[in-house]
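Coordinate-derived values only; no laboratory data. Owing to the predicted nature of the structure, the values given are computational and were not obtained by experimental measurement. Cβ atoms come from the backbone with ideal geometry, glycine included; neighbour counts cover every protein chain shown.
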């Protein structure tokens, strides 16, 4: 029997719906992006994002069903992102999913957004099964975790301040590239010198700090935390110094040097963790995982150590509903469903429920 999950994702500025079959096969994956709208403001405006989700959610779901060639009667359950994310945006998706599940008498499954990003790796890599090491790198989150089971994670490190994607956006704005910062810095860096500026690489040392394994519980972190605020400040200080002294700087060189610092930090943390835990499989997830320099550097590092690297296609790195459908299916098969009191949790931690 085929299990068909209708999945809904509205955590930020993409209105997305997908139909996923048996937790691995994507029958449809429809995304309505708001990038052009928010570019006018240099970043995501939460109120505008919420209003646009309300406008787009019904047509996107209708299109997802049509592209999948299924009807409401074919569905087995409804999965939806309920956190973390922008509270207004999350509420649109949660309300829609609850209404559909109630009207069609379907199980409702709340999905953690970061778990969705991790689950994106299962779509194109049928051989990938836990346990494995995963680095989740997005606009609001940078996590390094051991995926022990489909719903059980050991957090080795998480961001202490600016996430990698957030730093990309802020630096892109500072050097005049605009929003969204990640793709624009990636493109500009290809024409620049990554060694033009010696921007810092942050490494955090926590003596005596132990990691903690949990299945939806503790929020403790371990010794592999990330910090990109210092790097961001170093770039801003460099630009200010150049303006005060009249020194000429090249946009492409700043982009390349900044990107190199981020990539070095992400690769170094992942490789140190892999060596410590004797991991032979590493997966990347999140929007920054589509960065071409990171993908190439991580591939080289894994090949040197005999590790297998898994990276989703770019369409599954950025926010999408297919990844939510995969995660929802695993939740459902474990017998976990949500009640009608499911609500948006904007600061939901990985492992919480």
- State the label only: which of (1) 0.90; (2) 1.21; (3) 0.99 corresponds to Cα Rg over 2.2 N^0.38 Å computed from the shown model? (3)
- Prolate/oblate/rounded label for the stretch 55-108 (Cα gyration tensor, a/c 1.5): oblate
- Task: On each of the three principal axes of the Cα atoms of the stretch 117-208, give max minus min coordinate, whole Å, ordered largest first.
- Result: 42, 39, 22
- Query: Can you give the Kirkwood hydrodynamic radius of the stretch 1-144 from its Cα pairs, in Å with one decimal?
  - Reply: 15.8 Å
- What is the distance, in nm, between label points placed 7 Å from the Cα along the Cα-to-Cβ direction at residue 125 and at residue 1? 3.2 nm
- Degrees, to the nearest 10: 46-68 long Cα axis against longest axis of the chain: 60 degrees
- Query: Okay, helix-only estimate at 222 nm for the chain: each DSSP H run of n ≥ 4 adds -39500 (n - 2.57), divide by all residues, round to 500 deg cm²/dmol; what do you get?
  - Reply: -13500 deg cm²/dmol
- Query: Roughly speaking, what is the centre-to-centre gap between the stretch 154-203 and the stretch 10-30 when only Cα atoms are used, to the nearest Å?
  - Reply: 28 Å
- Could you give the distance between the Cα centres of the stretch 294-310 and the stretch 36-67, to the whole Å? 35 Å
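Viscosity 0.692 mPa s, temperature 37 °C: Stokes-Einstein D of the stretch 230-353 from its Kirkwood Cα radius, in µm² per second? Could you put the intermediate results ahead of the total?
Working: Rh = 18.0 Å.
Answer, rounded: 182 µm²/s.
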- Report, as a whole number in µm² per second, the diffusion coefficient that Stokes-Einstein gives for the stretch 130-313 at 10 °C and 1.306 mPa s using the Kirkwood radius over alpha carbon pairs. 94 µm²/s
- Working from Cα positions, state the angle (0 to 90°, nearest 10) between the long axis of helix 292-305 and the longest principal axis of the chain. 90 degrees
- Message: Nearest 10 degrees is fine. How inclined is helix 322-333 to the longest principal axis of the chain, computing both from alpha carbons?
- Response: 50 degrees
